[in-house]
Amino acid sequence: MAKNVSIVFLLLILLSAAGCMFYYFNNMRAFDTESVSENVDFEIGKGESLFSVLERLESLSLIRNANVVKVYVRFFNSSVVKNGKYELNPGMTPFEILAVLEKGRQDLYKITIPEGLTSRQIALILKKNGIISSEDAFGDLLKSTELIQSLGVAGDSLEGYLYPDTYYFQKDFPPEKIISHMVQNFFSVLSTIYPYYKDFSPGKMSEKIILASIIEKEYRVKEEAPLMASVFYNRLNIGMPLQSCATVVYVLTEELGRDHPGRIYLSDLELESPYNTYFNQSLPPAPISNPGKVALDAAFNPAQTDYLFFVVKNSDAGTHTFSSNYSDHNQARDQYLSGFRSK
């Protein structure tokens, strides 16, 4: 009799253990075992506990049972999850999800920002790639006094300081961090170009960034950028209008919202705008683009010349003829136009 009771008791224990094991392994399976749903954005805040994370994972139908996973963690895995943004999937098992959260592996997307774009155009690229959700919010941050001061920029906007480069960002990355990263990259590059830039007054610094933004839109051949810079500085020194076509294009596209023009008409040169350097003698009030290294180098290290003019010499090659007086400039322009008409 006693022997039979012992056998029954042992069987109950084994059945109970088997039931526990089945319950355990069943709840450690992926939540969605039939079909893989779309990825779910999941963010872990700084200092958030693992148990809190597990409970939120269950509420989002990413794991089956938070309590079971807690038991696993307590006895078999001392997990430490890292804060940040993740893309998780219901087809992942709790083991796979924990592995991702422990390693802090987050999907990064390669974003290339070309030279010479405005901040509006940069924001559109970031939004198109899912890095930011609103270009308007991005633009507003560029005028944030607090952010501008924290980045050591003198002025009322960060236009011109968003350094064009290839970046790796997460989806829905905080826009203020994107801006900060790009501006810090700008100053890192600038320090290699002109280590003493901090010696400039805010006004002088602003002048150089504005000029770099214009040079960025004007040059096509790297070697000509410092020569263009010398033309603009020489004009400023004698109170002569810069007469940059790039500033007129800025007025047409950024202020009037038109498509990029195939050509500029005489009527365009008369458009009333503080950015139109044909209409005004002074510099534009702010950069017209975000310049790259070549344009920045030219603005901070211009060639020493007496040039006051430049005109296209070969439109295919992007080369120009530089002149010191109006007579030579007219001759170079006529020579280009005669060649253009003969094609």
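Counting every alpha-carbon pair across segment 232-343, the share separated by more than 25 Å comes to 28%. For segment 24-179, the carbon plus sulfur part of the accessible surface works out to 48%, probe radius 1.4 Å.
Once the Cα atoms are used to define both axes, helix 94-103 deviates from the longest principal axis of the chain by about 40 degrees. Under 29 Å from the Cα of K143, which lysines turn up, not counting those fewer than eight places away in the same chain? Leaving aside lysines fewer than 8 places away in the same chain, those within reach of K143 are K46, K85, K110, K127, K128, K171, K177, K198, K204, K208, K217, K293.
Across segment 293-343, the relative contact order, built from alpha-carbon pairs under 8 Å that are at least six residues apart, equals 27 percent. Measuring max minus min along each principal axis, the C-alpha atoms of the chain give extents of 124, 48, 33 Å (largest first).
Remark: spin-label model distance F187-K82 equals 2.6 nm, labels positioned 7 Å along the Cα→Cβ axis.
Hey, if you drop one equal point scatterer on each alpha-carbon of segment 110-259 and run the Debye formula without solvent, what base-10 log of I(q)/I(0) do you get at q = 0.13, 0.17, 0.20, 0.21 Å⁻¹? The calculated log intensity ratios at q = 0.13, 0.17, 0.20, 0.21 Å⁻¹ are -0.66, -1.12, -1.46, -1.54.
If I take R0 = 41 Å and measure r between the Cβ atoms of E146 and D316 in this structure, what FRET efficiency does the formula 1/(1 + (r/R0)^6) give, to the nearest 0.05? It would help to have the intermediate numbers written out before the result.
Details: r = 48 Å, r/R0 = 1.16.
Calculated transfer efficiency: 0.30.
Please tell me the relative contact order of the chain in percent, rounded to the nearest whole number, where contacts are Cα pairs under 8 Å and at least six residues apart. That works out to 14 percent. The ratio of the alpha-carbon radius of gyration of segment 292-343 to the globular-protein estimate 2.2 N^0.38 Å is 1.35. Simple spin-label estimate for S61 and S267 gives 5.9 nm between the two label positions (7 Å along the Cα-to-Cβ direction from each Cα). Place a point 7 Å from Cα of E255 in the direction of its Cβ. Which residues in segment 221-239 have their backbone N less than 20 Å from it? Only 236 fall inside the zone, counting backbone N under 20 Å. For the pair K204 and D136 in one chain, pulling the backbone fully straight at 0.36 nm per residue adds 21.5 nm over the alpha carbon distance. Note on segment 184-286: Kirkwood hydrodynamic radius from all Cα pairs is 14.8 Å, rounded to one decimal. On a per residue basis, the chain carries 56 Å² of accessible surface, using protein heavy atoms and a 1.4 Å probe.
The values are calculated or read from the model by the stated rules, or taken from the named source; none is laboratory data. Since the structure is predicted, the reported quantities are computational estimates derived from the model, not experimental observations. When we count neighbours, we look across all protein chains shown, and the Cβ atoms used for this are built from the backbone with ideal geometry, even at glycine. Surface areas here come from the heavy atoms of the whole protein model, side chains and all, with no ligands, DNA or RNA. Shrake-Rupley method; radii C 1.70, N 1.55, O 1.52, S 1.80 Å.
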